[in-house]
Amino acid sequence: MGKSTIQATDVLETVRQLLAQGQTEHALEVLNASNLASSEVENIRGVCMLRLGNVEQATKIFRHLVFRSNVGMDQDAPVEYKINYATALLLSGNLPGCNTVINEIYDKSHPGLAQLKGGIRKWKQSLSLGQRLTMLIGVQPSKPVKLDFPPGIV
């Protein structure tokens, strides 16, 4: 393993630790200062954006990671990237888009997918009966989704 590979690994590990400690802004600063470029780095950058509330920017990052063409989702994209994209769509208020991505994820046993589905379920349970009924006809409630876990998988 070359010196630059070791440095990149050290930077990514530091960023992961900062995220685990809830220091998202510092994690993003370290990541940006590193000048590293890879899909793994972009995924982590997207997670930082999600956790900082920059959902639109996170959505763009994850869209780029999971769509390599205009035909559809890249089946070889890591499941974590797809779950992160679904999460970004959900937090941007696009529940139908989130559900579409979830349905295209083949690894149904991934713990991150179960966590996301659980968050959606809790949100739906918090809706009034009227809001739940209007969802059945395709009207999405204006109540924003609040997750009880830090969004994004690194």
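Read-outs: derived from the displayed coordinates by stated rules, not from any lab. Given the structure is predicted, the values throughout are model-derived calculations rather than measurements. Cβ atoms come from the backbone with ideal geometry, glycine included; neighbour counts cover every protein chain shown.
Side notes on the structure shown:
- Peptides 110-123, 54-67, 80-93 ranked from most to least packed by the mean count of surrounding Cβ atoms within 10 Å: 80-93, 54-67, 110-123.
- Pairs of Lys residues in the chain, spaced 8 or more positions apart or belonging to different chains, with C-alpha separations under 28 angstrom: 24 in total.
- Gyration tensor verdict on segment 102-154 (Cα atoms; rounded if a/c is under 1.5, prolate if a/b is larger than b/c, oblate otherwise): prolate
- Amide H within-cut-off set for Phe67, under 5 Å, with H built and near neighbours excluded: Asp74
- Taken about its Cα centre, segment 40-110 carries a charge dipole of roughly 180 debye when the Cβ of each Lys and Arg holds +1 and the Cβ of each Asp and Glu holds -1.
- Rounded to the nearest 20 debye, the dipole magnitude of the chain is 680 debye, with +1 charges on Lys and Arg beta carbons, -1 on Asp and Glu beta carbons, and the Cα centre as origin.
- Anisotropy class of the chain from Cα gyration tensor, a/c 1.5 cut: prolate
- Dipole of segment 14-154, positive direction: furthest Cα of Ile153, Gly97, Gly72, with charges on the beta-carbon: Gly97
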